[in-house]
Structure formats: structure tokens, C-alpha cells
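Below you'll find the structure, written out as C-alpha cells, and then a few comments.
The values are calculated or read from the model by the stated rules, or taken from the named source; none is laboratory data. For clarity, every value in this text was computed on a predicted model and none was experimentally measured. All Cβ positions, glycine included, derive from the backbone under ideal geometry; neighbour counts span all protein chains shown.
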2 protein chains.
Amino acid sequence: MTVDPHPWAADLHRLHAQVWARLVRGVGDRHAPARHPTLATVSPEGWPEARTVVLRAADPLAGSVDIHTDLRSAKVVSLRANPRATLHVWDASAHLQTRVEVTVSVLSGPEVAAIWAKVPDPSRQSYGTTPAPGQRIAAALDYAKEPEAASFAVLRCTVQALDVVHLGPQHRRARFERATHWAGQWLAP
Amino acid sequence: MTVDPHPWAADLHRLHAQVWARLVRGVGDRHAPARHPTLATVSPEGWPEARTVVLRAADPLAGSVDIHTDLRSAKVVSLRANPRATLHVWDASAHLQTRVEVTVSVLSGPEVAAIWAKVPDPSRQSYGTTPAPGQRIAAALDYAKEPEAASFAVLRCTVQALDVVHLGPQHRRARFERATHWAGQWLAP
């Protein structure tokens with residue numbers, strides 16, 4: 001008999017709890033896989049986009065997660081046109097793929113002042129590049145980083161659904177939706 | 001003086017070559033970061049989607065990459081409605097994010113018979129699940145894997161653009177487009 005190293009994957013409630021525990025771990029542990037999800041959005045022209053982001057908050061009770069970004073980044077333009085996004089985490093050691101379907105509010109200015117106040121100085125370098133992120137420049141280093149509270153944005157992501165695949169000795173896939181109070185449903189993997 | 005461990009990041013031509021070398025490595029080396037890109041697509045309802053895939057071929061000269069999938073998977077439905085996709089690779093040791101913007105042809109049946117013939121038996125288990133991937137099932141293991149050539153599809157991805165970010169001691173970002181013969185353009189990171 002092989003001992004299953006991930007018994008939580010066989011039960012919908014335990015699987016759901018495990019997914020949230022790993023998201024929460026990503027906020028506090030810079031080496032956890034959920035620290036750096038891939039955020040997928042749709043551009044105003046209909047292109048799918050994806051980039052690595054840093055998970056800054058995860059609230060299992062509210063079912064929400066936060067990401068910080070430059071207010072002038074392409075992802076903000078995309079989210080203002082289509083506020084739906086998916087966060088993707090591949091946790092190799094747990095053989096676990098988590099996909100988090102979210103609707104996103106872009107918060108900035110006074111409503112994020114308290115969060116900005118807690119952003120450490122080195123991290124603030126990420127908000128306020130001149131020219132704005134994605135603008136053409138003649139040489140690679142023709143830009144300046146000047147921390148700027150006005151360029152700081154919080155993407156408050158309300159989780160609408162979780163799609164989870166566990167690639168253990170047996171493959172399992174489940175979906176959890178806010179609309180059904182996260183009851184969970186097994187899907188063919 | 002600190003020695004830059006990634007001198008290729010400072011030159012557009014070398015950066016472009018490095019990105020392709022790492023994609024090619026992903027095909028042959030199961031431990032290379034580019035082995036498992038995240039594939040972002042748009043659902044027919046306009047939701048951004050993302051999932052881990054396996055890179056099966058990379059052709060720098062043609063500017064194309066291949067992914068294998070089940071013909072009945074959600075990603076095929078999405079790609080038939082909107083054939084644009086983005087592949088995302090985060091290469092931690094190289095501090096390199098590569099985003100590959102592609103247009104996708106879904107190949108199946110006789111046109112992929114020669115590729116199917118080379119897929120090893122264990123891998124064939126991934127094509128032909130009953131019920132089809134994503135269908136609801138009452139219990140986690142209420143499905144069967146029966147390799148089925150008719151369920152095998154190749155996503156032939158024609159690269160239209162590469163967006164590359166190198167997070168070295170200095171951050172650099174560049175974009176390479178097919179339309180300008182991959183000449184390359186620095187962007188503000």
C-alpha cells in the first residue's frame with residue numbers, strides 16, 4: 001500500500017480549506033508557490049494577457065485576495081475594460097493547480113493610503129516609474145524609479161470560483177463557486 | 001564591481017536568442033522552467049483562463065511552439081472562438097519573465113497522426129478521458145482514461161510577439177514582434 005501524501009485531496013471540504021491555506025501561506029512566505037501567481041486578464045483588444053504578480057493579501061472568510069500594481073500599468077487598463085481575471089498557481093510539491101476566478105476592483109488614492117503607508121521603502125520602487133510601464137524607450141535603462149503614492153493601486157480581487165486540479169497518483173478536479181456557497185463539485189480531470 | 005550573471009539581458013539580439021534557447025530547453029528538459037508554461041486564453045463568455053501546459057515543440061526559425069491537449073477540453077472551445085493566446089514562463093534562476101503572444105491552430109485527426117504515433121503510452125492517458133474533461137461527476141474518481149487518438153489535438157502556436165522582463169540588478173523589458181522581423185524594442189519596465 002502506498003500512503004497518500006495528500007489525503008486532503010480526496011474530500012471536497014478539506015480540499016477547499018487546503019487551497020485557502022496555501023493562498024494565505026503565499027502572502028507570508030516568499031518561497032511559497034502562491035507567493036507569485038500568474039494573473040490572466042483580457043486586453044481591450046481581446047488578447048489574453050498573463051504576468052507574474054505578488055500575492056499581498058488573502059482573506060478566506062471574505063473570499064478575496066489583493067495584488068499591488070502601478071496604476072498606469074497595462075493590467076489596469078485591461079481590468080477597467082473587463083474586470084474579470086484569473087489567478088493561476090502551480091504548486092509542484094503538492095501536485096496542485098489552483099485557478100482563482102475573480103472580479104477586480106482597482107483601488108487607488110485616499111482609499112489605499114493606509115496600505116501604502118505599510119509598503120516598505122524598497123517595494124515602493126515598483127510604483128512610479130517614469131516613463132510609465134510599457135512605454136517605448138531608446139535604451140534599456142532610459143527610465144527612472146521615483147516612488148509615487150499616486151501611482152500605487154490595489155487590485156482587490158473578489159473570488160467567484162476556484163478550479164482545483166490535484167495530480168496525485170489519481171487525478172482529481174473540483175470546482176467551488178461563491179454562488180453555491182463553496183459547496184464544491186467534482187469534475188472529470 | 002559586481003559581475004552581471006546575465007550579460008545577455010543587456011543586448012536586444014542576445015536577449016531574443018536567450019529567450020528562444022530557454023524555450024527549446026523546455027521541450028527537452030523536464031526540469032527547465034519553460035517545460036511548463038501557463039497558457040492564457042479567453043473563454044467564449046469573455047473570461048480570462050489560465051492553466052499549466054507542457055511545451056512539446058519549439059521552432060525558433062519558424063517562430064512557433066506546440067502544445068498537446070484533449071480535443072474536448074475547454075481550452076479548445078475557447079481557442080476556436082478566439083484563436084489568440086499568451087504563454088507565460090517565469091524562470092526564477094534567470095530572473096526572467098517571458099510572455100509569448102501567439103495565434104493558435106487546433107490540429108487533430110489525420111494531420112496529427114504522425115505526432116500521435118510518437119506519444120509514449122503513459123502520456124496517451126491524457127487524451128480520451130470519459131466523461132470529457134470538465135464534466136461534472138458524482139465522485140472524484142468517476143472517470144476512466146482510455147487513450148483515444150480521436151481526442152488528441154496539437155495546438156500549433158504561431159508566435160506574433162515576445163514580451164520579456166529581466167529582473168536583474170537593473171530591470172529591463174523588451175518587446176519583439178514578428179511584424180518588425182523581431183528587431184526588438186526596449187520598454188520601460
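Name the residues in segment A:37-62 that are facing another protein chain (nearest Cβ under 8 Å) and in a strand (DSSP E or B), would you?
A:THR38, A:ALA40, A:THR41, A:VAL42, A:PRO48, A:GLU49, A:ALA50, A:ARG51, A:THR52
Residues B:THR180, B:THR129, B:THR98: which one is of a type in the set (Val, Ile, Thr) and out of contact with any strand residue (DSSP E or B) (no Cβ under 9 Å at 6 or more places or on another chain)?
B:THR180
Every residue in segment B:116-129 that is away from chain A (no Cβ under 14 Å) and surrounded by 15 or more Cβ atoms within 10 Å (Cβ to Cβ), please.
Once the filter is applied, which keeps residues that are away from chain A (no Cβ under 14 Å) and surrounded by 15 or more Cβ atoms within 10 Å (Cβ to Cβ), segment B:116-129 yields B:TRP116, B:VAL119, B:ARG124.
Any residue that is crowded, with 21+ Cβ neighbours inside 10 Å, among the basic types (Lys, Arg) and assigned to a helix (DSSP H, G or I) - is there at least one of those in segment B:10-18?
No, every residue in segment B:10-18 fails to be crowded, with 21+ Cβ neighbours inside 10 Å, among the basic types (Lys, Arg) and assigned to a helix (DSSP H, G or I).
Return the only residue of A:ALA113, A:ALA132 being out of contact with any Gly (no Cβ under 9 Å at 6 or more places or on another chain), more than 11 Å from chain B (Cβ to nearest Cβ) and surrounded by fewer than 20 Cβ atoms within 10 Å (Cβ to Cβ).
A:ALA113
Can you pull out every residue in segment B:135-168 that is surrounded by fewer than 20 Cβ atoms within 10 Å (Cβ to Cβ), within 11 Å of another protein chain (Cβ to nearest Cβ) and either more than 22 Å from the chain's Cα centre (by Cα) or farther than 30 Å from A:THR129 by Cα (or both)?
B:GLN135, B:ARG136, B:ILE137, B:ALA138, B:ALA139, B:LEU141, B:ASP142, B:ALA144, B:LYS145, B:GLY168
Scan segment A:117-129 and tell me whether some residue there is in a strand (DSSP E or B), at pLDDT below 95 and over 17 Å from the mean Cα position of the chain (by Cα).
Yes.
Suppose we filter segment B:1-34 for residues that are within 23 Å of the chain's Cα centre (by Cα), hydrophobic (A, V, I, L, M, F, W, C) and more than 17 Å from B:PRO60 (Cβ to Cβ); how many remain?
Selection size over segment B:1-34: 1.
Among the candidates A:VAL165, A:VAL106, A:VAL77, A:VAL159, which residue alone is under 30 Å from B:TRP186 (Cα atoms), part of a strand (DSSP E or B) and of a type outside the set (Phe, Trp, Tyr)?
A:VAL106
How about segment A:23-48: which of its residues are surrounded by 19 or more Cβ atoms within 10 Å (Cβ to Cβ) and more than 30 Å from B:VAL159 (Cα to Cα)?
A:LEU23, A:GLY26
Where residues in segment A:169-184 are more than 20 Å from A:VAL104 (Cα to Cα) and in contact (Cβ under 8 Å) with a residue 24 or more places away in the chain, which of them is surrounded by the fewest Cβ atoms within 10 Å (Cβ to Cβ)?
Looking at residues that are more than 20 Å from A:VAL104 (Cα to Cα) and in contact (Cβ under 8 Å) with a residue 24 or more places away in the chain, I get A:PRO169.
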